[in-house]
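Here's the structure, in structure tokens; my notes come after.
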Amino acid sequence: MEGEPVNVNEFQELARQALPKIYYDYYSGGAEDEYTLKQNVEAFQGITIRPRILVDVSRIDLSTTVLGYQISVPILIAPSAKHKWAHPEGEVATARAAAVCDTIMILSYRSTCTIEEVASSCNAVRFFQCYVYKRRDISANLLQRAERCGYKAIVLTVDSPRLGRREKDIKNKMVNPQLKNFEGLISTRVSTDDGSNIEAFDANTAFDASLSWKDIGWLRSITNLPVLLKGVLTHEDAIKAVEVGVDGIVVSNHGARQLDYAPPTISVLEEVVSAVKGKIPVLFDGGIRRGTDVFKALALGAQAVLSCRLEGQQFTDLQPRENTG
């Protein structure tokens, strides 16, 4: 590549060159055939923009609010795991970048920095992403720590009763790093000789596969924070989300890392927005590569978009290192 990178796709190529293959595959990969991964991006290309002329655009304000918190642009940093694989300061560096950009970071439960470390790194609005675990005391512990540390909302991921089959990780025999948020709660050292250690940890010891709509009431009972559901893709589930009283939803297919052949998120956004009828905010993630993608999502009703992994490399200061993959 000649010259400095000027778009996210070019940053992705730099990431491929800089990171060990095993890490790059984890960040960039999807489930099974990666059909939905490709469609998340390509579906945007089928949406065109009808420009209006002779409109005064001399003063443009990109700021918006999410749950009452003002941000400079309608782009949040989506929850994503293991930032230290890409930067030595990990999620602390991402949090500082979000603060400088005056936007909201959603910290992943699988961060390589603790809830407390990220909270103390800078003064900014942050949300916390989590799951409901078989041991409910683990979920309660994480949520209570986030609330004590000043996180402003909980983002509950609801599309993962089992971990998606991510074949690149299986082939690479990906080994889970020590998950700092779980220290003292459960053992995160899972030994497996067959495929991905990450798959073994999540699927066999953590997630509550019986989670259902009735459990949203339990979650709301253990925190005073607003709750958003991440992983909504249908009109029917959007209506149920409103009925159980959540404070917002995120239209998401988990970056195409869960159920392959799920619809690309931009193709169902309008359906979900129509279902909630403005009663709660609708956020969006999946396939964002350019400002025009953000514009399209907003035009179809999203209040803001989430961007992460290689969709958000503009927030990451990658340094070339020896390729050990």
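Residue selection: Ala146 satisfies the criterion of being part of a helix (DSSP H, G or I), within 21 Å of Asn224 (Cβ to Cβ) and either within 16 Å of the chain's Cα centre (by Cα) or at pLDDT 95 or above (or both). Restricting region 1-24 to residues that are assigned to a helix (DSSP H, G or I) and touching a Gly at 6+ places or on another chain (Cβ under 6 Å) leaves a set whose member that is surrounded by the fewest Cβ atoms within 10 Å (Cβ to Cβ) is Lys21. May I ask you to verify whether Asn40 is assigned to a helix (DSSP H, G or I) and open to solvent by 70 Å² or more (accessible area, probe 1.4 Å)? No; evaluated as a whole, the condition is false for this residue.
Quick check on Ser191: is it closer than 30 Å to Glu34 by Cα, small (Gly, Ala, Ser), at pLDDT below 95 and open to solvent by 10 Å² or more (accessible area, probe 1.4 Å)? Yes; evaluated as a whole, the condition is true for this residue. Here is the figure for region 133-158: residues that are buried (at least 19 other Cβ atoms within 10 Å of the Cβ) and either farther than 12 Å from Tyr109 by Cβ or aromatic (Phe, Trp, Tyr) (or both) total 4.
Restricting attention to region 267-307, the residues that are open to solvent by 30 Å² or more (accessible area, probe 1.4 Å) and more than 24 Å from Leu107 (Cα to Cα) total 13. Going residue by residue through region 294-309, is there one that turns out to be part of a loop (DSSP other than H, G, I, E, B), modelled with pLDDT of 95 or more and more than 17 Å from the chain's Cα centre (by Cα)? Taking every residue of region 294-309 in turn, at least one turns out to be part of a loop (DSSP other than H, G, I, E, B), modelled with pLDDT of 95 or more and more than 17 Å from the chain's Cα centre (by Cα).
Of the numbered criteria (1) assigned to a helix (DSSP H, G or I); (2) among the hydrophobic types (A, V, I, L, M, F, W, C); (3) open to solvent by less than 30 Å² (accessible area, probe 1.4 Å), the one Ile170 fails is (3).
Just one of the numbered conditions (1) out of contact with any strand residue (DSSP E or B) (no Cβ under 7 Å at 6 or more places or on another chain); (2) of a type outside the set (A, V, I, L, M, F, W, C); (3) outside any helix (DSSP H, G or I); (4) open to solvent by less than 100 Å² (accessible area, probe 1.4 Å) is not true of Tyr27: (3).
Please count how many residues of region 113-132 are open to solvent by less than 10 Å² (accessible area, probe 1.4 Å) and assigned to a loop (DSSP other than H, G, I, E, B). Qualifying residue count, region 113-132: 2.
A quick yes/no check of all residues on (1) in a helix (DSSP H, G or I); (2) out of contact with any His (no Cβ under 7 Å at 6 or more places or on another chain); (3) more than 26 Å from Lys38 (Cβ to Cβ):
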residue	(1), (2), (3)
Ile239	yes, yes, yes
Gly245	no, yes, yes
Leu259	no, yes, no
Pro263	no, yes, no
Glu271	yes, no, no
Ala275	yes, no, yes
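Within the set of pairs 6 or more residues apart or between chains, which connect a residue that is at pLDDT below 90 inside region 158-178 to a residue that is loosely packed, with under 15 Cβ neighbours inside 10 Å and not hydroxyl-bearing (Ser, Thr, Tyr) with Cβ atoms less than 7 Å apart? Every condition considered, the pairs that remain are Pro161/Ala209; Arg162/Ala209.
Evaluated against (1) more than 22 Å from Gly255 (Cα to Cα); (2) out of contact with any Ser or Thr (no Cβ under 7 Å at 6 or more places or on another chain), Phe44 falls short on exactly one condition, (1).
The values are calculated or read from the model by the stated rules, or taken from the named source; none is laboratory data. Since this is a predicted model, take the numbers as computed values, not measurements. Every residue, glycine among them, receives a Cβ derived from its backbone with ideal geometry; neighbour counts consider all protein chains shown. Keep in mind that these areas ignore ligands, DNA and RNA; they rest on the heavy atoms of the full protein, side chains included. Shrake-Rupley method; radii C 1.70, N 1.55, O 1.52, S 1.80 Å.
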